[in-house]
Each structure stands twice: as C-alpha cells, then as structure tokens.
Amino acid sequence: QVHLVESGGGLVQAGGSLRLSCAASGRTFSSYAMGWFRQAPGKERDFVAAISRGGSSTSYADSVKGRFTISRDNAKNTVDLQMNSLKPEDTAVYYCARSWGPSTSAYSNNYAYWGQGTQVTVSS
C-alpha cells in the first residue's frame with residue numbers, strides 16, 4: 001500500500017507564494033509519475049501539474065503555467081509544488097497523486113493513489 005501525505009497549505013494573499021510538499025511511502029516511488037490536482041468547492045477535481053518518474057518531463061494546466069513549478073526528489077520520496085503569483089481562483093484543496101505508470105498524465109483515472117489533500121486559500 002502506498003501512502004501520500006501533503007503539507008504546506010495555508011492562507012496567503014493574492015500575489016503571494018506557497019510551497020506544497022507530498023511525502024510518499026514505499027520503495028518504488030521513483031518508478032512512477034506523480035501529479036497534483038485541485039478541487040474547489042462545488043467543482044470537479046482538476047489537473048494542476050505532473051512530473052515523470054525521473055523528473056525529466058513535466059506538464060501543467062494552462063491556468064498555472066508560468067506560475068507553478070513541480071519537482072521531485074526520488075532520494076527522499078517527495079514531490080513538491082512551488083506556487084507563485086497566487087490568485088484567488090487558485091483557492092482549492094490540493095491533492096498529490098501517484099500514477100499507474102512512469103509518464104505524465106492530466107487524467108485522474110491514470111492515478112492509482114491519492115493523498116488526503118491540503119487546503120490552499122488565496123485572499124484578494
């Protein structure tokens with residue numbers, strides 16, 4: 001069983017920054033792509049960013065390109081999401097997820113394990 005635990009959420013003013021981190025259990029972390037998704041109240045869960053198993057390939061939702069950066073440390077079994085220039089519309093619960101395979105994907109069905117989520121609130 002794989003456990004994912006997110007941290008780093010909180011309240012920030014518009015224009016500010018936050019760094020989310022996700023710690024994964026298990027010895028096969030480096031074999032799988034990882035992703036971040038978010039869900040705002042009353043909305044569906046949306047793709048934010050993903051990174052391939054080795055970190056050489058990344059993908060982002062258009063809404064966060066140029067503002068968010070995903071990275072991973074396979075030695076520490078962690079994946080981070082650096083969020084800059086935050087906007088009120090970035091307010092959501094952010095989820096870390098482990099993919100079924102090694103390549104990035106924007107589709108939630110391609111992710112096998114999910115964390116419990118961390119709240120990010122951006123005030124205007």
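May I ask which residue of SER108, VAL122, LEU4 lies farthest towards the positive end of the charge dipole of the chain, with charges of +1 (Lys, Arg) and -1 (Asp, Glu) on Cβ and the Cα centre as origin?
Positive-most Cα among the choices belongs to LEU4.
Could you tell me what percent of the accessible area of the chain is made up of carbon and sulfur, with a 1.4 Å probe and every protein chain present?
Carbon and sulfur atoms account for 46 percent of the accessible area of the chain.
If the convex hull of the alpha-carbon atoms of the chain is projected onto planes in all directions, what is the mean projected area in square nanometres?
So the Cα hull casts an average projection of 6.8 nm².
Which whole-number percentage describes the relative contact order of the chain, with Cα contacts under 8 Å and a sequence gap of 6 or more?
36
Among 33-42, 52-61, how do they line up from the highest to the lowest mean number of other beta-carbon atoms within 10 Å?
33-42, 52-61
Can you compute the charge dipole magnitude of the chain about its Cα centre, using +1 on each Lys and Arg Cβ and -1 on each Asp and Glu Cβ, nothing else charged? Give it in debye, rounded to the nearest 20.
220
Measuring with a 1.4 Å probe in the full set of protein chains, what accessible area per residue, in whole Å², belongs to the chain?
51
The values are calculated or read from the model by the stated rules, or taken from the named source; none is laboratory data. Remember, it's a predicted structure, so these values are computed and weren't measured experimentally. Heads up, the Cβs are rebuilt from the backbone with ideal geometry, glycines too, and the neighbour counts pull from every protein chain shown. All accessible areas refer to the heavy atoms of the entire protein, side chains included, with ligands and DNA or RNA removed. Shrake-Rupley method; radii C 1.70, N 1.55, O 1.52, S 1.80 Å.
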